[in-house]
Amino acid sequence: MSLKAKEILGEDPEVFFAERRYEFINKMLHKVLRGEKPLTLSDLFDRVFLNKYLGIPIFLTFWWALFRFTYDVSAPLSDLIDLIFSWLGQISRSAISDEWTASFVADGIFGGLGGVLVFIPPLFFLFFGLSLLEDSGYLARAAFVVDKLMYKLGLHGKSFIPMLIGFGCNIPAVMATRTIDREEDRILTILVNPLMSCSARLPVYILIGGAVLGPYAVAGTYSMYILGISLAVLMALLFRRTIPYFKGKPSPFILELPMYSKPTIKGTLIHMWERASLFLKKAGTIILAGIIVVWFLSSHPWGAPLEETYLGMLGQSLEPIFRPLGFDWRGAVALLFGFIAKEIVVGSFAVIFGLGEENEIGEIQEVIRRQEVFTPLTGFAFMAFTLIYIPCVATIGAIYRETNSWKWTLFAIIYGLILAYITSLAIILIGRGLGYR
């Protein structure tokens, strides 16, 4: 029916009827309104936020302010969680006489899980800021501003909303592509959506950036989000031009802008909790299970040096692959278990470096600096690899459900791995060429 209507009308029915509707409204306004329309505060805001020159710089400025707010406000609360889990680890170690059980509770549970839960404050504040922007009506205008650019780069305007959701979690973002009518546009959006830096990657940026980037940690984290967006549009353009299935222009984007509104504390907190509570559920299930596996592999054979444990042997078998990127076996196994959930990357480091120590996040960062696990350059490349490579298991499942195709699911996995390696290697080579290490 829609194809027949498109043939009759000569264009997409949705676009046709929208244009006719606004033409009718414009004619009626001239008949019923007299005089000049007064300029409202909403009009003034739109003149600024929707300006073709100022719109994107303002969007990027808001994004920078959001991450600055996330870092600065959450730091004291993260330190408090550090202290609590450190104290629990010490208490359990002294209270449990059996060495194996004490290590399991102190290092495996409190050490590993505490290394992940310490990032609850920045995640909650990130979602708090996003809720403010959304409830105020600004995010819809941001979608309008970037639509023209996205259209030129081969993405549908409606792709912006799923991609924006991807900053929280890639799973609902992939599911949100159902609003895109054209199948080719929808699958293209699904393929590039994992490049949006979900909240699960933020703990990795904070850990590594704080360890090796010093005063540039916030800028390093911000650059990961810009890198993800840039790669998403570049890959969309590449796929659109090289894969026959995606050739052709995306369909037009029509968006009715909501009125500006004053966000309420209750509404903002509800939206924040709805999104951030997913992290808590994952922390209590899949992340905890993954961390326990990492602890077991890093502790057995019992009493063996870390390099001779099952984890060390696994990492050393993977190290040659990652050596050109400057990652040793510890970084390799952290990335491997990050396939289950990206938060486990942090939990893996917490378990590896927390053996016999206090497991505070500051202590883990100090070990990374002291043992030179990463330099500023290799740490930045590790952050980029974490951003780009295989999405978590749950996201892969969502991609399969929404595409109903193993072909596109495997394509998303393979191209993500290749792109992650090439990008990280480019960072290393360019950085060394500029004299960084």
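Only a single criterion out of (1) in a helix (DSSP H, G or I); (2) at pLDDT 85 or above is not satisfied by residue 197, namely (1). Against the condition of a type outside the set (S, T, N, Q), in the same structural domain as residue 428 (by TED's automatic domain parsing), modelled with pLDDT of 85 or more and assigned to a helix (DSSP H, G or I), how does residue 321 come out, does it pass? Here the answer is yes, as residue 321 does meet what is asked. All of (1) touching a helix residue (DSSP H, G or I) at 6+ places or on another chain (Cβ under 7 Å); (2) exposed (fewer than 15 other Cβ atoms within 10 Å of the Cβ); (3) not β-branched (Val, Ile, Thr) hold for residue 47 with one exception: (1). For residue 232, the requirement of being under 18 Å from residue 374 (Cα atoms), surrounded by 21 or more Cβ atoms within 10 Å (Cβ to Cβ) and at pLDDT 85 or above is not met.
Counting the residues of segment 70-80 that are surrounded by 14 or more Cβ atoms within 10 Å (Cβ to Cβ) and modelled with pLDDT of 80 or more gives 2. Which of the residues spanning segment 293-314 are free of Cβ contacts under 8 Å to residues at least 60 places away in the same chain and outside any helix (DSSP H, G or I)? Within segment 293-314, 300, 301, 303, 304, 305, 309 meet the criteria. Of the helices (runs of 4 or more DSSP H) lying entirely inside segment 345-437, those containing at least 2 residues that are of a type in the set (Phe, Trp, Tyr) span 376-388, 406-433.
The values are calculated or read from the model by the stated rules, or taken from the named source; none is laboratory data. For clarity, every value in this text was computed on a predicted model and none was experimentally measured. Cβ: placed from backbone, ideal geometry, glycine included. Neighbour counts: every protein chain shown.
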